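Inspection log for the structure reproduced underneath, given as structure tokens.
The values are calculated or read from the model by the stated rules, or taken from the named source; none is laboratory data. In this text, all values refer to a predicted model and were calculated from it rather than measured experimentally. Virtual Cβ from ideal backbone geometry, glycine too; neighbours counted across all protein chains shown. With ligands, DNA and RNA removed, areas are computed over all heavy atoms of the protein, side chains included. Shrake-Rupley method; radii C 1.70, N 1.55, O 1.52, S 1.80 Å.
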2 protein chains.
Amino acid sequence: MIAAPYLLFLGDAADPLAAKVAQGIRDWRPESAIGQYRMQGCNADLGLPDMGIAEAVAAGARTLVVGVANRGGVISPAWISVLTEAMAQGMDIASGLHNLLRDESELVAAAMAHGRRLHDVRVPPHRYPVADGRRRQGRRCLAVGTDCSVGKMYTALAMEREMRARGMKATFRATGQTGILITGAGVPLDAVVADFMAGSIEWLTPDNDEDHWDLIEGQGSLFHVSYSGVTLALIHGGQPDALVLCHEPTRAHMRGLPGYPLPTLEALRELSLEMARMVNPEVRVVGVSVNTAGLGEAAALALLAGTEARLGLPTVDPFRQGAGRLVDALA
Amino acid sequence: MIAAPYLLFLGDAADPLAAKVAQGIRDWRPESAIGQYRMQGCNADLGLPDMGIAEAVAAGARTLVVGVANRGGVISPAWISVLTEAMAQGMDIASGLHNLLRDESELVAAAMAHGRRLHDVRVPPHRYPVADGRRRQGRRCLAVGTDCSVGKMYTALAMEREMRARGMKATFRATGQTGILITGAGVPLDAVVADFMAGSIEWLTPDNDEDHWDLIEGQGSLFHVSYSGVTLALIHGGQPDALVLCHEPTRAHMRGLPGYPLPTLEALRELSLEMARMVNPEVRVVGVSVNTAGLGEAAALALLAGTEARLGLPTVDPFRQGAGRLVDALA
């Protein structure tokens, strides 16, 4: 668990997109984001108070989160002195970069000297068990996609927010680096060793109150040949009661796989149900979430209505319309 | 690549079953097995010449293979002096035990001192790429199972042997520890990090002659909720042209999963084909391999005939009948 609240480190972000991890924290856990730290040349701005290290500590910040992605995932030398200063003043550091904090000797030395923690969220922090398939109490909803990066995390977070606003018991369960940094905990599933993938998801979504929902962040796609095994482990470890189908309608082919067409939503529905029924015969598909960012408003609404009529399932773009109808369908 | 030939170390094996890795090497790569090393109290015997270290080196042995599984996968203190002596006399050491050779300081020191290699085949020796789904030249056959441990490795090895006897180009591709020790190379798939599973199988089965067959060792089962993700990665990374369905008819439930019934062979056929068609639309199921060790001869033959009639596919127990009919079906 990463200690909140956070100072969001934007470094020398080349553009707003480079700071999208920080943006995700600001959007989904605003109570955790008490300020931003920007260096010379930073071209991102989250609209949070700009703070120095001392100021952030005085405001209660407990962790500096590296919320910026460099080209190549590198920890820039220019950042090191800021991060060591943050530790000297009492903050932990968290990062989802490919290059690890723990591989930087100056950071390791500072963490030791000041008794601080370095959280590399790309590295699984636990040894997970092999999945045992035992039915667990409480309810679980999993977002599955026709492809990678079609809005599965966004959908689950939007549903969690809506459910909490309605007073329902709901917990977003992060399975990727950005999700973990947003919520402060989770399983970096793509970095888990094969034999323990499904077990790590059982561990992440344990027994809970009968009326509690885990909203499990999806990964990959059953139809994406590079990552399909990760997706299947998520379905079998997650034992979902409910599935939400996620789609992005403008893709010419599967992400990174020219020549591989996207499946239809119907094919996704059938295959996901078949797989999920092995662990939960009662599972059902409750709705469809379409990322229509690539379409104008009229085209988006027409596509959503057409999809809804075709599949007979509530179909929304949670960014345009909120996740209310998906949550209605859960209840 | 583990240097052959081998001295098979049986240690103080409690019973023949404890030496089953060594037995596998002796059965499938007899040309690699030039002798056995047995300690006081060893209750296994492969029928190979008993050799001391010096004798084995004189006979050409290049690697001592730990072919015995202790309870708990431990490297017994009683073994250490034998293994260090083997290195002093010029042999490498290979092991598939859970406890690693590289974690034993005396073995590491001896390997350094004598310039020898320690092969821990549970640890992936490479960094594998992410799968790219590109079609590769040559042909591939994958064994898929209704459950774990139903004879997938045995089936692939039996097919390889039969194909080589016929002068066909065939290579068994190991994906598990025993298979790797038998053939001296492979991918320990259950220990590969999630994102690279399918890529490791692409790496293992590269472009080859048009008339060359890879016989890929299967792992787990699409229906085994603990390991299904591993199996799907194997299907999508392997791009099989041919599938062999493997089954063990006496299981009351999925291995280690009380309450989870086994799927039918028909269900295995349909789901495996659906998954494999995503990477290879031409894939077909060529036959069925049933492990009938738990049945008497008459019952076994009746079951095989009944299954063959029901599925319309050549159905054999390769241990009783050889793999000839499966190979016929490939060609």
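For the reader, a short list of remarks on this structure follows.
- B:Met51 sits with roughly 30 Å² accessible to a 1.4 Å probe, with DNA, RNA and ligands left out of the calculation.
- At 1.306 mPa s and 10 °C, Stokes D of the range B:15-110 from Kirkwood alpha-carbon radius, µm² per second: 116
- Virtual spin-label span in nm between B:His212 and A:Ala78, 7 Å along Cα→Cβ: 4.9
- Alpha carbon centroid spacing (whole Å) that separates the range A:2-77 from the range A:121-194: 23
- Candidates B:Gln239, B:Gln219, B:Gln137, ranked by Gaussian network fluctuation over chain B, Cα under 10 Å, top entry: B:Gln137
- Summed over both chains, the accessible area lost when B and A associate is about 2600 Å², using a 1.4 Å probe.
- Computed in the context of the full set of protein chains, the accessible area of the range A:177-330 at 1.4 Å probe radius has 54% of its extent on carbon or sulfur.
- Remark: C-alpha extents of the range A:46-184 on the principal axes read 46, 36, 30 Å, sorted largest to smallest.
- Amide H partners (placed H, <5 Å) of A:Met254, local residues excluded: A:Tyr260, A:Leu262
- Ignoring lysines fewer than eight residues from B:Lys152 along the same chain, the ones with Cα atoms less than 26 angstrom from its Cα are B:Lys20, B:Lys169.
- Surface accessible to a 1.4 Å probe, A:Trp79 within the full protein complex, Å²: 0
- Burial of accessible area (probe 1.4 Å, heavy atoms of protein chains only) in the range B:224-240, relative to its chain alone, reaches at least 30 Å² for B:Val225, B:Ser226, B:Tyr227, B:Ser228, B:Gly229, B:Leu232, B:His236.
- Kirkwood Rh, Cα atoms: Rg over Rh of the protein assembly as shown: 1.01
- Residue-normalised accessible area of the range B:47-112, expressed per residue, 1.4 Å probe, Å²: 44
- Annotation: for a label point projected 7 angstrom from Cα along Cα→Cβ of B:His253, residues of the range A:96-140 with backbone N closer than 14 Å are A:132-136.
- Around the amide H of B:Phe172, modelled in the peptide plane, lie the amide H atoms of B:Leu215, all under 5 Å away and 5 or more residues distant in sequence or on another chain.
- Only Cα pairs under 8 Å and 6+ residues apart enter the sum, and on that basis the relative contact order of the range B:214-291 stands at 37 percent.
- Measure of compaction for the range B:107-212 (Cα Rg per 2.2 N^0.38 Å): 1.23
- Couplings 3J(HN,Hα) of the range B:184-193, computed from phi: x, 7, x, 10, x, 4, 5, 9, 7, 5 Hz, in residue order, whole Hz [Karplus 6.51 cos²θ - 1.76 cosθ + 1.60, θ = phi - 60°; x for Gly and Pro].
- When all alpha carbon pairs of the range A:170-317 are counted in 5 Å bins from zero, the resulting P(r) reads 2, 9, 16, 20, 21, 17, 10, 4, 1, 0 %.
- Relative contact order of chain A: 15 percent, from C-alpha pairs under 8 Å at least 6 residues apart in sequence.
- Most mobile listed residue (A:Asp317, A:Asp132, A:Asp50) in chain A, GNM with C-alpha springs under 10 Å: A:Asp132
- The mean of 1/r over all pairs of different alpha-carbon atoms in chain B, once inverted, gives a Kirkwood hydrodynamic radius of 20.6 Å.
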